[in-house]
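The values are calculated or read from the model by the stated rules, or taken from the named source; none is laboratory data. Owing to the predicted nature of the structure, the values given are computational and were not obtained by experimental measurement. Cβ sites come from the backbone with ideal geometry, for glycine too, and all protein chains shown count toward neighbours. Side chains are part of the model used for accessible areas, which takes the heavy atoms of the whole protein and leaves out ligands, DNA and RNA. Shrake-Rupley method; radii C 1.70, N 1.55, O 1.52, S 1.80 Å.
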Amino acid sequence: MIEVRGLSKRYGDTVAVDDLTFVVKPGLVTGFLGPNGAGKSTTMRMVLGLDEPSEGAATVGGRGYRKLTAPMREVGALLDARAVHPGRTARDHLRCLAQSNGIGDRRVDEVLGVVGLESVARRRVRTFSLGMSQRLGIAGALLGDPGVLIFDEPVNGLDPEGIRWVRDLMRGLAAEGRTVLVSSHLISEMALTAQHLVVIGRGRLIADTSVEEFIGGE
Ligand code: ADP
Ligand code: ADP
């Protein structure tokens, strides 16, 4: 479970996240919906311990990761796909991530299979399409077999088949009892993927409700 309490983040005069409070429960896909610039990435980075809150706190399973990145065995994340070293092969990228987290190479080959990148595992990441980079990022999130997964705009750059694949993957991970938080600026996409919605705008909470209720009540 992810708990966000009174969470705020300011960058100079910009209020990126403004007093957010919500809970993300295990067993279902929670969509984190809001337009570009609403504060979704900033919130996710604070949950992972990659950014310091200005106020409030975010915890995962009761633990906070302030000044400490969440271990990959506990929280897996797809953030900006461009963070990957472009000169490395896909397999080397995952092996590096695995090694620094005490995860064996066998798991690397396993996740390459899960995301359908086995045949291009020895190609340099530089040659990857955005869709392939997204799959590689998802493989990284799955490496530690974590109970909590955070995906920032995972369908960006994917074709319709890829989008369906991501949707099924998210649903499957939640059905296994994991906590899954997925951000998107597309309500149409979240309506198909998520069971619960946390909706934000300009850093503030707009709704925290089931998908049916949000769409029905609009
Ligand atoms: P979203 O993920 O919903 O698109 P972000 O969390 O990326 O939104 O951004 C929220 C706001 O915070 C935006 O106005 C953005 O410009 C600002 N912001 C995000 N990161 C930084 C940063 N490192 N420095 C300054 N402003 C930032
Ligand atoms: P570097 O600073 O060497 O690029 P980072 O530690 O910042 O390495 O991150 C490497 C990659 O791992 C990034 O793509 C990032 O999105 C991803 N990442 C960071 N934290 C986690 C996590 N807890 N679970 C899964 N992936 C993560």
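Surrounded by 19 or more Cβ atoms within 10 Å (Cβ to Cβ), at pLDDT 95 or above and within 23 Å of R5 (Cβ to Cβ) - does that describe any residue in the range 184-195? Yes - at least one qualifying residue is present in the range 184-195.
Annotation: of all residues in the range 130-148 being open to solvent by 20 Å² or more (accessible area, probe 1.4 Å) and assigned to a loop (DSSP other than H, G, I, E, B), the one that is farthest from ligand 1 (Cβ to nearest atom) is D145.
Considering (1) within 13 Å of ligand 1 (Cβ to nearest atom); (2) out of contact with any Lys or Arg (no Cβ under 8 Å at 6 or more places or on another chain); (3) of a type in the set (S, T, N, Q), the lone condition that S54 does not fulfil carries the number (2). If only residues of the range 5-23 that are surrounded by 22 or more Cβ atoms within 10 Å (Cβ to Cβ) and either near ligand 1 (Cβ under 9 Å from one of its atoms) or closer than 26 Å to E176 by Cα (or both) are counted, the one that is nearest to the chain's Cα centre (by Cα) is V17.
Considering each residue of the range 181-208, count those that are among the charged types (D, E, K, R), assigned to a strand (DSSP E or B) and within 14 Å of ligand 1 (Cβ to nearest atom), and give that number. Write out each step before concluding.
First, the residues of the range 181-208 that are among the charged types (D, E, K, R): 189, 202, 204, 208.
With the extra rule that they be assigned to a strand (DSSP E or B), the set shrinks to 204, 208.
Then drop every residue that is not within 14 Å of ligand 1 (Cβ to nearest atom), which leaves 204.
Going through the range 181-208 one residue at a time, the tally reaches 1.
Scanning the range 149-180 for residues that are in contact with a strand residue (DSSP E or B) (Cβ under 6 Å, 6 or more places away or on another chain), open to solvent by less than 10 Å² (accessible area, probe 1.4 Å) and in a helix (DSSP H, G or I) yields M170, A174. Of the listed requirements (1) away from ligand 2 (no atom under 16 Å from the Cβ); (2) over 18 Å from the mean Cα position of the chain (by Cα), E176 misses just one: (2). Entry remark, the range 41-69: residues being free of Cβ contacts under 8 Å to residues at least 40 places away in the same chain and within 11 Å of ligand 2 (Cβ to nearest atom) number 6 in total. Picking from residues in the range 115-129 that are surrounded by fewer than 17 Cβ atoms within 10 Å (Cβ to Cβ) and in a loop (DSSP other than H, G, I, E, B), the one that is nearest to ligand 1 (Cβ to nearest atom) is S129.
The residues of the range 26-40 that are open to solvent by 50 Å² or more (accessible area, probe 1.4 Å) and either touching a Ser or Thr at 6+ places or on another chain (Cβ under 7 Å) or among the acidic types (D, E) (or both) amount to a single one, P26. Pairing each residue of the range 155-179 that is closer than 18 Å to L33 by Cα with any residue that is among the basic types (K, R), provided the two are 6+ apart or on different chains, yields C-beta distances under 8 Å for V155/R167; T179/K25.
Can you report the number of residues in the range 187-218 which are of a type in the set (A, V, I, L, M), without any contact (Cβ under 8 Å) to a residue 60 or more places away in the chain and under 19 Å from G39 (Cα atoms)? Before you say what the answer is, go through the steps one by one.
In the first step, residues of the range 187-218 are kept if they are of a type in the set (A, V, I, L, M); the result is 187, 190-192, 194, 197-200, 205-207, 211, 215.
Imposing the further condition that a residue be without any contact (Cβ under 8 Å) to a residue 60 or more places away in the chain reduces the set to 191-192, 207, 215.
When the remaining residues are screened for being under 19 Å from G39 (Cα atoms), the result is 207.
Final tally of qualifying residues: 1.
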